[in-house]
Every structure is written in C-alpha cells, then in structure tokens.
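The values are calculated or read from the model by the stated rules, or taken from the named source; none is laboratory data. This is a predicted model, so every value here is computed, not measured. Don't worry about glycine lacking a Cβ; one is built from the backbone with ideal geometry, like all the others, and counts go over all protein chains shown. These accessible areas exclude ligands, DNA and RNA; they are computed on the full protein's heavy atoms, side chains included. Shrake-Rupley method; radii C 1.70, N 1.55, O 1.52, S 1.80 Å.
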Amino acid sequence: MVTEQFQPDRTYDQVYLVFVDTSGYSTIVRCNPGDRAARAFDLLRERMRGRIAQLSAQYRCARSDVWSWRGDGGFFAVHDESESVARDVALEAARTFLTLDLRHLRDEFAQAGVDGELHVRMAVHKGAIRHSAEGRTGAIHSPDINLAAHLEKVTPPDCLAVSEDVYRTAGPFAELFAPVGSHEGKDVYLMAGDGGPGAAAKAWLAGRGLADGTPVYAYPERPSSHQKARLLDAASDEVLDMGTALRTSSSRLVTTERPARYRDAVLGLLRRGGTYRCYLLDPSSEAADTLARQYEEDMARKIKDSLERFGRFKERYGTEAEGLRVYQTDGFPGFSALGIDMGRPDGLILYSSYLMGASPYGVIERGDMPHYLIGPAAGRVFTRIRELTEARSGTGRVERVL
C-alpha cells in the first residue's frame with residue numbers, strides 16, 4: 001500500500017508525532033570521518049522510515065512519512081481518519097525500533113566500522129499539524145510539534161516517552177509505560193528498552209531527579225587547581241575562599257612549581273582591581289580544638305602555616321596584593337566554599353560539606369569529599385548556600401589578620 005502525502009495548506013488533527021534522536025551523536029561524530037558518520041545516520045533514518053512504512057502498509061494507514069530530519073534525528077508524522085490506526089502504527093513502530101531495530105543497527109554500525117556508541121531517545125505526542133505550500137521544513141505551525149521535540153530532549157537514553165495525550169488513548173500499549181513525572185504541564189509515561197516499568201522509573205529519576213530539583217554540577221572530589229583557577233579567571237569583582245585552614249589555597253600561592261596556574265589566577269583578579277577574601281578558623285578557637293581531636297591533627301599549626309604563606313605572598317607582591325584580605329573566625333562553618341561574585345546575577349559557588357564521620361579507611365580527607373558547583377539557576381539551593389557563606393563574615397568573632 002502506498003500512503004498519501006500530507007497536503008499543503010491543510011490542517012490534520014490527531015497526528016501522531018514520532019521523534020527519534022541519537023543520544024550518542026557526539027561520540028559517533030568525534031570518532032568517525034564525516035562521510036562515515038553521515039552514512040550511519042542515514043541508515044538510522046531509513047531503518048525508522050522502513051519500520052513505519054511496513055506497519056503503515058500492514059494497518060492500511062493513510063499517511064506516514066518523515067516530516068523533518070536533520071543529521072542525527074528528526075520526526076515522523078502518522079495520520080489516519082481512524083485515530084486508532086495511526087496510534088497502532090506510531091506506537092508499534094517506536095516500540096519495535098527501540099527493542100529490536102536498535103540492537104540490529106548497533107551490529108550493523110560495528111560491521112561497517114562505525115566507532116562510538118549508538119543510543120537513542122524517542123518520544124511520541126499527538127496533535128494538529130499544518131504546513132504551508134512553501135514546504136514542510138521551516139514552515140511548521142504547531143505547538144504540539146514543539147512539545148514533542150522538548151519531550152524527546154528530556155527522555156533518558158534508550159527510552160520511549162509518551163505524553164498524557166497519547167497515554168490516554170494508548171489502549172493495549174498502555175501497559176508498556178510507567179508514569180514517571182511531568183514536563184511542560186503534561187504527565188509523562190516512559191518505557192525503557194531493556195526493562196520493565198521499574199527500569200523506566202529509575203531511568204527518568206536518574207536523568208531528571210525528583211520533583212522541584214535544580215541543576216547542580218557534582219564532582220567526586222575537590223577539582224584540580226587548574227579547574228579552580230578557571231573560576232577565578234571568570235570573577236569580575238570578588239572571590240570568597242572559605243574553609244578551616246585553607247592549606248591548599250595558601251600553598252598554591254607560594255608554590256615553586258611551574259606553571260603556578262592558581263596563583264596566576266589570583267594575581268589576575270587582584271591586578272584588575274578585584275578582592276580575594278579568605279576565611280579560616282582562629283587557631284585558638286574551640287572549633288579548631290574540636291577538629292584537631294576529630295581529625296587527629298595539629299589544626300592550630302596548619303592554620304598558622306597558612307597564615308605565614310598568605311603573608312609571604314602579600315610581601316612578595318606588595319601593592320599588587322592589596323586586594324588579598326585574610327580573616328579568622330571562631331565559628332566552624334561545616335563546609336568549604338569558593339564564591340565567585342556571589343552578589344551578582346551571574347555568581348557561582350563551589351562548595352563541599354564536611355563529613356565528620358570516619359570511613360573504613362580512616363578519617364575522610366576534606367579534599368576527597370564531593371564538591372558541587374551551583375549558580376543562580378539552582379534557585380533556593382544557591383540562595384541558601386550563599387546566605388550561609390556570607391553569615392560567616394557577620395556572626396561570631398571575626399578578625400582581619402592580614
């Protein structure tokens with residue numbers, strides 16, 4: 001059976017929009033010559049097109065075709081005067097592609113010498129579409145297409161997401177999907193290609209988190225001095241460096257190793273008129289004594305050594321280092337923080353909570369604890385950490401010592 005074409009200047013209702021996009025696009029492009037990568041994605045498109053064509057013929061569906069395709073992904077439109085026919089073609093094609101065709105495509109990629117990993121994200125939504133006589137691409141008039149495209153972007157790799165509009169009329173396909181959350185005001189139902197509803201729920205949570213979450217970049221341990229220097233390079237006005245002894249920061253300012261990337265970043269900030277504020281514990285405070293017992297180390301000695309190094313840095317660079325300000329406080333903050341222009345709309349904070357317990361291997365070093373980079377997009381998380389950071393300079397006994 002040959003399906004009809006979608007006609008220009010006509011609106012079609014209850015069109016099933018099947019989006020497919022390669023999640024591993026960058027690895028395939030990076031690892032292969034351009035022509036080989038292009039042929040691989042052409043094969044992906046044709047495999048999906050063939051699957052939809054086969055099912056359209058089987059169910060005698062009136063219209064189905066690629067509506068738009070660019071490089072590594074695109075979408076297909078499926079429509080019939082009987083909506084259940086279009087539904088069966090769209091959902092069966094998506095399900096079969098994810099569970100069967102994708103595995104075969106990976107084998108074909110390997111046989112063709114295509115390096116990199118092939119993973120796909122798929123989404124199905126339904127609604128009205130219309131294109132002008134100018135053609136399909138660039139002349140689309142449908143908020144439903146936008147919603148489907150956005151849904152595909154948040155779908156976990158190797159999963160198929162459907163909107164609540166599709167799920168309500170999914171019939172026998174409904175049992176394949178698990179409710180996992182919402183997106184743009186629509187409930188989302190997910191099918192994982194290699195597992196049941198439980199796998200789908202975990203895949204969604206791993207990629208999207210719990211409700212009302214905010215974006216945070218997490219690192220398993222303290223970022224390198226080179227990476228932290230990049231934060232200082234981005235600062236316009238002020239950097240706040242807060243910890244217990246600031247041993248690592250002070251050591252980087254007087255290191256004899258080359259390149260001295262962190263020191264150069266601090267000097268760059270100071271030379272352009274910025275301020276570098278450092279907060280560490282008063283070595284005679286109760287908090288310093290408590291930490292010394294907890295970590296079985298001479299905390300007072302570490303703090304005094306850091307102060308000596310800060311002093312050496314200031315002495316060496318003289319007027320250039322006037323923007324360095326070092327303070328002692330008697331309050332234990334419970335976390336370290338490197339704040340970049342925190343009062344500005346584009347501020348950043350790199351922070352790490354101190355885990356006071358001991359691991360099976362001994363006391364956990366502070367640099368080995370997870371670190372998190374947040375900006376204003378993190379919402380209340382950013383506001384709360386900024387407030388706690390700034391509170392250290394305004395509560396308890398604070399003394400400028402350098």
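For the chain, DSSP calls about 80 percent of its internal beta bridges antiparallel. Computed over protein heavy atoms with a 1.4 angstrom probe, the accessible surface ordering of SER352, SER182, largest first, is SER182, SER352. Surface calculation, 1.4 Å probe, protein heavy atoms: ASP65 sits at approximately 40 Å² accessible.
Could you provide, to the nearest whole Å², the per residue accessible area of the chain with probe 1.4 Å? Numbers along the way, then the final one.
On the way: 19230 Å² over 402 residues.
The answer is 48 Å² per residue.
Between the helical axis of 102-111 and the longest alpha-carbon principal axis of the chain there is an angle of about 80 degrees.
Counting Lys +1, Arg +1, Asp -1, Glu -1, what net charge surrounds SER306 among other residues with beta carbon under 12 Å of its beta carbon? List each step's numbers first, then the result.
Details: positive: ARG247, ARG252, ARG301, LYS302, LYS304, ARG309, ARG312; negative: ASP241, ASP305, GLU308.
It works out to a net charge of +4.
Among (1) 21.4, 67; (2) 28.7, 87; (3) 22.6, 85, find the value of Rg and Dmax of the Cα atoms in Å that was calculated from the structure presented, and write down its label. Structure-derived value, by its label: (2).
How much of the accessible area of the chain, in percent, comes from carbon and sulfur atoms when a 1.4 Å probe is used? In the chain, the share of accessible area belonging to carbon and sulfur is 48 percent. Electrostatic tally near LYS153: other residues with Cβ closer than 12 Å to its Cβ, Lys and Arg +1, Asp and Glu -1, net -1. Charge tally for PHE97 (other residues, Cβ to Cβ under 9 Å; Lys, Arg +1; Asp, Glu -1): +2.
I need the calculated FRET efficiency for the pair ALA112 and SER26, taking r as the beta carbon distance and R₀ as 22 Å, to the nearest 0.05. Provide the component values of the computation, followed by the final result.
On the way: r = 19 Å, r/R0 = 0.86.
Once the sixth-power term is evaluated, E becomes 0.70.
Of all aspartates and glutamates in the structure, the ones whose alpha carbon falls short of 15 Å from that of LYS314, not counting any fewer than 8 places away in one chain, are ASP264, ASP305, GLU322. Just in the stretch 234-338: which GluC sites (Glu not before Pro) are loop by DSSP and have at most 13 other Cβ atoms within 10 Å? Here the sparse-neighbourhood loop sites are GLU257, GLU296, GLU297, GLU322.
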